[in-house]
1. Looking for something charged (D, E, K, R), surrounded by fewer than 22 Cβ atoms within 10 Å (Cβ to Cβ) and over 16 Å from the mean Cα position of the chain (by Cα) - is there at least one such residue anywhere in region 382-390?
2. Can you name every residue in region 288-318 that is part of a helix (DSSP H, G or I), touching a helix residue (DSSP H, G or I) at 6+ places or on another chain (Cβ under 6 Å) and farther than 24 Å from Gly396 by Cα?
3. May I ask you to list the residues in region 339-366 that are at pLDDT below 95 and over 23 Å from Leu432 (Cβ atoms)?
4. Could you check Lys287 against (1) of a type in the set (D, E, K, R); (2) in the same structural domain as Tyr433 (by TED's automatic domain parsing); (3) over 21 Å from Tyr341 (Cβ atoms); (4) at pLDDT 95 or above and say which number it fails?
5. Determine whether region 43-55 contains at least one residue that is at positive phi and in the same structural domain as Asn196 (by TED's automatic domain parsing).
6. Could you please let me know if Glu145 is over 25 Å from Ile3 (Cβ atoms), assigned by TED's automatic domain parsing to the domain that holds Ile73, acidic (Asp, Glu) and modelled with pLDDT of 95 or more?
7. Going by the structure shown, is Leu355 over 19 Å from Thr259 (Cβ atoms), touching a strand residue (DSSP E or B) at 6+ places or on another chain (Cβ under 7 Å) and in contact (Cβ under 8 Å) with a residue 12 or more places away in the chain?
8. Considering only residues of region 222-265 that are of a type in the set (D, E, K, R) and assigned to a helix (DSSP H, G or I), which is farthest from Leu397 (Cα to Cα)?
Amino acid sequence: MTIIHISAECYPVAKVGGLADVVGALPKYQNSSDVSSKVIMPFYDNKFTKANTFNKVYSSKLKLGESLIDFNILTLNDNTLGFDIFFVDVPSLIFKDYVYSNDDTERFLAFQIASLDWVSTWDSLPDIIHCHDHHTGLIPFMLQESIKYEAFRDVPNIFTIHNAQYQGWFSHEKVGLIPEFNFNNVGLLDWGGAINPLAAAIKCSWRVTTVSPSYMEELKNAANGLESLLSAEANKCIGVLNGIDTSVWNPETDTYINTNYSIDNFKEGKAGNKKYLCDKFNLDFDKPLFAFIGRLVLEKGADLFPEAFKTTLEKNNASILLLGSGNEDIQTPLENLMGKYDGSYNAFIGYDEALSHNIYAGADFLFMPSRVEPCGLNQMYALRYGTIPIVRSIGGLKDTVTDISETDGFGICHQEITAASMVNAINRAIELYKDSSNYNNIQKQIMAIDHSWDNSAKTYINLYQSIKQLSND
């Protein structure tokens, strides 16, 4: 069975968020299960493309409205990713030093059209086309409705919602950019008076998945305007919990971290990594170290961080380390805290992959008080490295972290999205840290939890096989 994943991101080629981690791992795990899983993504002007060499395998022109635009399909020389990957090179639109911008309609439409134009030339069409997020959301519509892609009518497609907050809206004035279709069916594109790629994908896909079971249920009540649509299409929707790539996220072999360790020597290993972080960021090793890794945006609850952090640092014996960037109105107050709490607070504004690994390995607790968290991978990385997650019980966080008050619980959970709730959760974590025996037992417990992609990859393969059977009937 041949699976094609189409996505705007794929780790390690281009990463903005968790989408990249999923698309960079799921195909690899699927390939170990007797299927051939491949990825198609845009060709960006970034560090990865500058550091590698590519081979052109196809060239043509795509039609975008009245314009004919050159595009190429490239493959990666010396590919060690564990799956075949193909790059859609549209020099005039996609080859930029960024993944997303304020207006990406033409960019991602060109990407989707070029992908289908090329795949339509294959001697044998794929068995499944798996699209990810709104950047590929018009593909299910085009497969079903566009005249030029009629050969794909019986090819099953799946669409995964990684984050429903972003939907790719654009004006009906640009409908002519989409390859010709029966205009009587233009309503399939519309939601709320605009062309909505995410809504179109939900309507036209054979199956719709989200990245955790709880997030699927939550979307029926909070989906940025798509609640009624998801409820109406509930019979074809399923939540599949993401996994993590345990070959990349492994404290025994991780080349990024200062001190490698296993479940057998985690206390010494984590201490070595914590010392590295504390020395680097002028933090007190003897205090419990709380860390946040991610975007400084409302979605992550980061607007409440300044108040929560100040209260914690003034009233408790704790240290906080932050890695991230985002909304300037949120970022600036967090930057301004630097220097005010020497030995207890520091921040790295930006993103650094190596530093993120060291934080997972060296922190005592990982802070994730999200307003919205479709799945969350950071808490799974933290568990793998023996770092106890502090989470708001929402989306995938609810599915992966059980509070210490419950039987076999191992995390700190809270329900409200307030600074006071965050501070209370931190206080509970500090009390746990003081109980060193219980704290160490929980660290050992969480390192043994299996969140690898193995189970999720099998779930997707079973889903593929079930809808492929529908196409054969």
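1. No, region 382-390 contains no residue that is charged (D, E, K, R), surrounded by fewer than 22 Cβ atoms within 10 Å (Cβ to Cβ) and over 16 Å from the mean Cα position of the chain (by Cα).
2. Answer for region 288-318, where residues must be part of a helix (DSSP H, G or I), touching a helix residue (DSSP H, G or I) at 6+ places or on another chain (Cβ under 6 Å) and farther than 24 Å from Gly396 by Cα: Pro306, Glu307, Thr311, Thr312.
3. Gly339, Lys340, Asp342, Gly350, Tyr351, Asp352, Glu353
4. Of the numbered conditions (1) of a type in the set (D, E, K, R); (2) in the same structural domain as Tyr433 (by TED's automatic domain parsing); (3) over 21 Å from Tyr341 (Cβ atoms); (4) at pLDDT 95 or above, the odd one out for Lys287 is (3).
5. There is no residue in region 43-55 that is at positive phi and in the same structural domain as Asn196 (by TED's automatic domain parsing).
6. no
7. Criteria not met by Leu355.
8. Lys236
The values are calculated or read from the model by the stated rules, or taken from the named source; none is laboratory data. These figures come from a predicted structure and were not determined experimentally. Ideal geometry is used to build each Cβ from the backbone, glycine not excepted, and the neighbour counts take in all protein chains shown.
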